[in-house]
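Undergrad: Please see the structure below; I have some questions.
The values are calculated or read from the model by the stated rules, or taken from the named source; none is laboratory data. Predicted, not measured: the structure shown is a model, and the values here were computed from it. Using ideal geometry, Cβ is built from the backbone for each residue, glycine included, and neighbour counts are taken over all protein chains shown. To get the accessible areas, we keep the full protein, side chains included, count just its heavy atoms, and leave off ligands, DNA and RNA. Shrake-Rupley method; radii C 1.70, N 1.55, O 1.52, S 1.80 Å.
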Amino acid sequence: MPEGDTVYRAARALDRALAGQVLTATDFRVPQLATVDLAGGTVLRTLSRGKHLLTRIDAGADTGGRSWTLHTHLKMEGSWHVYQPGQKWRRPVPDARLVLSTAERVAVGFSLGLVELVPRQHEHDLVGHLGPDLLGPDWDEEEALRRLLATPDRSVHESLLDQTCLAGIGNMYAAELCFTSGLHPRLPIGRVGNPARLVRRAKQMLEVNKERAVQSTTGDLRERERMWVYRRDKRPCRRCGTPIEVAMLGPAGRERASYWCPSCQPAPADLD
Ligand SMILES: [Zn+2]
């Protein structure tokens, strides 16, 4: 699942390709928007809010001249690619959910988990529920901490994934942050000794990775060396050699795989 830094990079790539450009064609390949045509409209910009992508488009005068916000979400498998006109797509054509064309670029959204179009004045309804955005211009550490600690009995792992507390962390960074902070993923967030440090590490982890195509928390960019614990179950901990463990954690129906080193991240005695 794409994390906030991946979404940030996608927004930047779309913005570079489309901002200020007139759409020559649009193709919405989702049933609820199949008849929408924004050709003639002008793309103002694309930005990310947590894991949400917002593309602002002013429709052309001949399509009513309205101001729209196109909302897309990568969810599990989605990605945005930017091509030259006529260039072969790197993902299967049937996976395309949305195509935005200008005279010089073709932006294709593949396997998007969400595509919706709302009048600009309702943009806030799309992302207003999110907590402070770790990569946003209005990042607010104190507000993120306040939201995280409002449910002190919830596990660190689940708390970090809650986009209404702070926006941008997915399952990979949640696991890696627990490791680099020496916290068992099931430890209640209210019992974390220095939650501000945890949140600062989260921001730093995303900031470092937003600039590069390959994500790494270890600093090592080689394949298989990039993560401390994520998807490394049964393999030796990089610090102590203990086999990494994995378990499904979280509320019923929304469990996520969590990875940890039982030596570096010991379970508190009162956690069974
Ligand atoms: Zn270890």
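Undergrad: State the number of residues belonging to the stretch 236-266 that are assigned to a loop (DSSP other than H, G, I, E, B), farther than 12 Å from R186 by Cα, open to solvent by 60 Å² or more (accessible area, probe 1.4 Å) and within 11 Å of the ligand (Cβ to nearest atom).
TA: Qualifying residue count, the stretch 236-266: 4.
Undergrad: Has the stretch 201-208 got any residue that is more than 16 Å from the ligand (Cβ to nearest atom), within 28 Å of P132 (Cα to Cα) and assigned to a loop (DSSP other than H, G, I, E, B)?
TA: No: zero hits.
Undergrad: Here's another thing I want to ask about it. Inside the stretch 215-235, can you point out the residues that are more than 15 Å from the ligand (Cβ to nearest atom), over 17 Å from T180 (Cβ atoms) and among the acidic types (D, E)?
TA: E223
Rundown of residues vs (1) out of contact with any helix residue (DSSP H, G or I) (no Cβ under 7 Å at 6 or more places or on another chain); (2) free of Cβ contacts under 8 Å to residues at least 40 places away in the same chain; (3) open to solvent by 50 Å² or more (accessible area, probe 1.4 Å), yes/no style:
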position	(1), (2), (3)
T26	yes, no, no
A61	yes, yes, yes
T69	no, no, no
L74	no, no, no
W80	no, no, no
